[in-house]
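One structure below.
The values are calculated or read from the model by the stated rules, or taken from the named source; none is laboratory data. Treat the numbers as computed from the prediction; the structure is a model and nothing was measured. We place every Cβ from the backbone using ideal geometry, glycine too, and count neighbours over all the protein chains shown. Protein only, heavy atoms only, side chains kept; ligands, DNA and RNA dropped before computing areas. Shrake-Rupley method; radii C 1.70, N 1.55, O 1.52, S 1.80 Å.
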Amino acid sequence: MRIPVMLTCLVSGVVACDGGSARPPGDVANSETEDGGSEGLADDAGAESEAGDTAEDGGDDDGGWEYTEEREPCAARNPVRNAYWGDLHAHSRLSFDAYGYDLRVTPDEVYAFAKGGEVRLPPLDGDGVGTRVVRLDRPLDFAALTDHLDLVGEVRLCTAPGSSAYDTAECAAFRAGGEAAVADFGILLAGSPPRRIAAICGADGTACAAAAAEVWGEMREAAEAAYDRTAACGFVSFVGYEYTATPMVSNLHRLVVFRTAAVPERPPTVFEQPTPLGLWTELAATCLDAGIGCDAISLPHNSNWSNGRLFALDYGGAATLDEQRTVATLRARLEPVFEIFQHKGNQECSNGFAAVLGLPDPVCDFEQIRLPPFEDCGDGVGSGGVILRGCVSALDFARNVLKAGMQEEERLGINPYRLGFLGATDTHNGTPGNVGEVGFPGHVGLVDDTPVKRLGDGTVTHDGLINNPGGLAAVWAEERSRDAIFEAIRRRETFATSGPRITVRFFAGWDYPSDLCGRGDLPAVGYAQGVPMGGDLPPWPGAGAPSFVVRAEADPGTAEAPGTPLQRVQIVKGWIGTDGTAHERVFDVAGDPDGAAYVDPATCERSGTGHDSLCAVWTDPEFDAAARAFWYVRVLEVPTCRWSARDCLALDPADRPAVCSDPAVSHEIRERAWSSPVWYAPVSGTGP
């Protein structure tokens, strides 16, 4: 992979370098199995589909929220909540690193694709139209277009004939496209502070800022046009964008997703707020606390590109404990969830860190972009992560971030990292939700439009073989509306998958009945006697240990592409010892931990068996009432072929690159799902 001189300098430090408040209906339940918002099949014990439960089952009758926008109430509503599938991380031609690789998919087409339409991908024909047609096998329930708002003004001025900058040499170079064009724009965001190109933006940058405001209006219009405000509640589109801070070529990127159409006229980018603290502060001032009916979240992603910076314990210069508590509270308010998996890798966990206590977890090696041995950042941070340079930090992975959050809570009384989990694609092809391993067309225009390119090293801005099709976000919500889905994200009743639509329920309480897996009222009892994923366990009752209910259902797939069975369900625990050290352990709670199914990467033929669904009521055998802790679920499918194995098989043997036969390259995967955690905090004096 070629490393431009400017990037090398930066890494080395040489260069300074509206709405009503009508209440949603609470008396209608509907399985919604025909339009995407369903849980899937009943479990092995014969329990009925949860999506068909009614208010009499004991679930919440209104979810504790009200509509904050003008819309028709949804006709179908389930008080014990349905699983809805989405992708909040997708780019169109408006993003510099999509247009520069010949993507011409528009914002309207991105949303149409999410709803089941088709898009045309590069290479382009003589008329500038894509020549590869792609379509989802199943539509999504919700999506957000999150283009890099920081540079949309530059892209607009360089691609709109007659603009003030169109005829400049800089714009001509961008329109020429390719790796150099994308890197030249991307490097603008890597400086401290970031910079603009005066020839395009003017000496004061106002030309690009004005163009960006125009584009922001178009992004809002596209989201509004795609949103179903009727009682059918067929699809939810969110207004959003990506904040692209990349200091020292390390990733500090966030998605900003708004609850409704009530948004700031000019939301902050890296040029107005070059630090995450500045982003949160301005979002609070211009949205959450502005009195305009605005609500938003900041969604961090790609910590595995950040050299420890994305979740560094940095309080922006706050010196006193009270000042640090203020920053921690703001962060927790704006960042309730984390993108744990996407096109550029798995950020749940990694082996190879000396300071992480506990046994190695072999399941962590799944879809890693950097495997040990690597340079460990230790307690510091590094640089160059976006180009896979520099050290790797334990805080680049969610499991360790969750533990660090509990340690900070012991110190400050506030947990800045109380994070739920979502998955995404981060597609730069305008194809949200396009996560299939079979027929994967790539995600970055001309970077990975052929099997040979996908199996190669990629470019300086995007990689090849180490990348994957990405994941999905899922929420448990009463209905398919903006308010319902946003509230689910706020309360962290979310789960992530590496692509398949594996459905996961997870509840925690103090006294769940042991026969709950065989009952049709599992979700109602789960809510009534405990808390769902994303919640906090009630105070310890004085005796006993918490019990957990987990039910996972395999993705049924489609008639043309049936889903894959499940292998096992695990519960991952993290806790803080009496000496303040962090610990972790993984428990197998259902299924076959030894594996009774196999796949032959040479043919992609599977053998053995798995499970359509798995369910368990599990009690923590090592619970310490005096120790702060979290638990989350990880569900594993049986082994299948990775997209790379299928690309190798699609090529003539004489044309296959060396990676196809390299024994050091694994072409076998176990797809998975992760629930958001449940937390426990001891009260003063708790414990035997």
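Data table
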{"read-out": "Set of lysines with alpha-carbon distance to Lys403 below 27 Å, sequence-local pairs under 8 removed", "value": "Lys344, Lys573"}
{"read-out": "Karplus-derived 3J(HN,Hα), 6.51/-1.76/1.60, for each residue of the stretch 76-83, Hz, glycine and proline x", "value": "10, 8, 10, x, 9, 6, 9, 8"}
{"read-out": "Sparse-neighbourhood loop sites, GluC sites (Glu not before Pro) in the stretch 622-671 - DSSP loop, at most 16 other Cβ within 10 angstrom", "value": "Glu622"}
{"read-out": "Cα-based Rg / Dmax (Å) for the stretch 409-462", "value": "17.7, 52"}
{"read-out": "Extended-chain gain in nm, criterion 0.36 nm per residue less alpha-carbon gap, Ala285 and Asp588", "value": "104.5 nm"}
{"read-out": "Label-point separation, Ala559 to Leu651 (7 Å along Cα→Cβ), nm", "value": "3.6 nm"}
{"read-out": "Volume in Å³ per residue [convex hull over Cα atoms, computed for the stretch 503-547]", "value": "73 Å³"}
{"read-out": "Stretch gain in nm, segment Thr206-Tyr598, where the contour uses 0.36 nm per residue and the Cα spacing is subtracted", "value": "135.2 nm"}
{"read-out": "For the stretch 490-637, projected area of the alpha-carbon convex hull averaged over all directions, nm²", "value": "11.3 nm²"}
{"read-out": "P(r) tail fraction, the stretch 98-224 - alpha-carbon pairs more than 23 Å apart, %", "value": "38 percent"}
{"read-out": "Pair-distance profile P(r), taking every C-alpha pair of the stretch 597-667, with 5 angstrom steps and integer %", "value": "3, 12, 17, 14, 11, 9, 9, 9, 8, 5, 3, 1, 0"}
{"read-out": "Isotropic mean projected area of the C-alpha convex hull, the stretch 443-485 (nm²)", "value": "4.6 nm²"}
{"read-out": "Two-decimal ratio, the stretch 359-436, of alpha-carbon radius of gyration to 2.2 N^0.38 Å", "value": "1.35"}
{"read-out": "Dipole magnitude of the chain about its Cα centre (Cβ charges: Lys, Arg +1; Asp, Glu -1), debye to nearest 20", "value": "1440 debye"}
{"read-out": "Per-residue HN-Hα couplings for the stretch 269-284 [Karplus 6.51, -1.76, 1.60; θ = phi - 60°; Hz; x = Gly/Pro]", "value": "10, 5, 6, 7, 9, x, 10, x, 4, x, 4, 4, 5, 6, 5, 5"}
{"read-out": "Efficiency of FRET between Val452 and Thr131 - r from beta-carbon atoms, R0 25 angstrom, step 0.05", "value": "0.90"}
{"read-out": "Ala225/Ala543 FRET efficiency (R0 60 Å; Cβ-Cβ; nearest 0.05)", "value": "0.60"}
{"read-out": "For the chain, calculated [θ]222 nm from helices alone, where every DSSP H run of n ≥ 4 adds -39500 (n - 2.57)", "value": "-5500 deg cm²/dmol"}
{"read-out": "Computed log₁₀ I(q)/I(0) - Debye formula, equal Cα scatterers, no solvent, the chain, q 0.06 Å⁻¹", "value": "-0.31"}
{"read-out": "1.4 Å probe accessible area per residue over the stretch 566-688, in Å²", "value": "42 Å²"}
{"read-out": "GluC sites (Glu not before Pro) lying in DSSP loop within the stretch 250-322, provided at most 10 other Cβ fall within 10 Å", "value": "Glu265"}
{"read-out": "For the stretch 351-397: Kirkwood Rh in Å [reciprocal of mean 1/r, alpha carbons]", "value": "11.4 Å"}
{"read-out": "Distance (nanometres) between label positions extended 7 Å along Cα→Cβ at Leu359 and Ser192", "value": "4.1 nm"}
{"read-out": "Cys364, Cys660, reordered so the largest accessible area comes first (probe 1.4 Å)", "value": "Cys660, Cys364"}
{"read-out": "Spin-label pair Glu375/Ser164, simplified geometry with 7 Å Cα→Cβ offset, distance in nm", "value": "4.2 nm"}
{"read-out": "Relative contact order, percent, the stretch 98-215 [alpha-carbon distance under 8 Å, six or more residues apart]", "value": "24 percent"}
{"read-out": "Mean shadow area of the stretch 296-441 over all directions, Cα convex hull, nm²", "value": "10.0 nm²"}
{"read-out": "10 Å-binned pair-distance histogram of the stretch 188-273 (Cα, whole percent)", "value": "15, 39, 30, 12, 4, 0"}
{"read-out": "Evaluated at q = 0.19 Å⁻¹: base-10 log I(q)/I(0), Debye formula over Cα of the stretch 199-334", "value": "-1.20"}
{"read-out": "Percent of Cα pairs exceeding the 17 Å cut-off, where the set is the stretch 363-500", "value": "71 percent"}
{"read-out": "Vicinal HN-Hα couplings computed from phi for the stretch 152-157 (Karplus, 6.51 cos²θ - 1.76 cosθ + 1.60; Hz; Gly/Pro x)", "value": "5, x, 4, 4, 5, 5"}
{"read-out": "Percent of Cα-Cα distances greater than 20 Å, calculated over the stretch 441-560", "value": "61 percent"}
